[in-house]
């Protein structure tokens, strides 16, 4: 009788172990799938919320391992631009946005930004394979970039100042100025520039958004990530 019981247990184990393995693998797959769905939803929800923010609000409230439910969200924002070839090679973007209260927002190729309370009358931007250097209004930006070319976008549609502005940059940079007709002659450039006057769509900037969602606060690899380009309101 004892032998029969032992044999029966062995037979059940032989059948159950493969089933248990399949069950565990299925449970792991379901967990990974749910993780991915939840993480993608968090990323998508964050990007959709940007539609209700201004450029400044988005930059001021960038999440850095911010807990969202059971996950942790990190996001980065960098300047981007229209899909045209300013150079024959890859290039970065930098943005200067004027506001009607006299302040100016500067956003660099790596996403570093400053809000200058008073609009400078002189800007300088240098870009090389080692990084960039920006100066304006007594403040400096120094950082890295992906290429040694840069397109500087200046949105002066809301500019209220009348002082002349000098913008100095090297041969690796081109600039595009958007302004009202009566401000077009206020700007002087050291190198190549294109000016678009009385543009009706000066209220938005194009940006590159990157999100990463982690399962824990200290996780090295994200569960899901997102990269895309959107327009965001300037004011």
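What follows is calculated from the coordinates using simple rules that are stated; it is not laboratory data. None of the values given here were measured: they were computed from a predicted structure. Here Cβ is always computed from backbone atoms with ideal geometry, including for glycine, and neighbour counts include all displayed protein chains.
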18 Å cut-off, amide nitrogen to a point 7 angstrom out along residue 101 Cα→Cβ, residues in the stretch 49-66: 53-61
Give me the distance in nm between label points sitting 7 Å out from Cα along the Cα-to-Cβ direction at residue 122 and residue 140, one decimal. 1.5 nm
Return 146, 186 ranked ascending by Cβ neighbour count within 10 Å, so the fewest neighbours appear first. 146, 186
Note the full-extension length gain between residue 215 and residue 85 as 0.36 nm times their separation in residues minus their Cα-Cα distance, in nm to one decimal. 42.9 nm
I'd like the distance separating the alpha-carbon centroids of the stretch 76-150 and the stretch 156-214, in whole Å. 10 Å
Subtracting the Cα-Cα distance of residue 197 and residue 34 from 0.36 nm times their residue separation yields 53.7 nm
Fewest to most Cβ atoms within 10 Å: 105, 62 sort as 62, 105
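Among 56, 199, which comes first, then next, by fewest other beta-carbon atoms within 10 Å? If you can, show how the numbers build up before the last one.
Details: 56 19, 199 12.
Placing the least packed residue first, the sequence is 199, 56.
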Among 63-74, 123-134, how do they line up by average Cβ neighbours within 10 Å per residue, starting with the highest? 123-134, 63-74
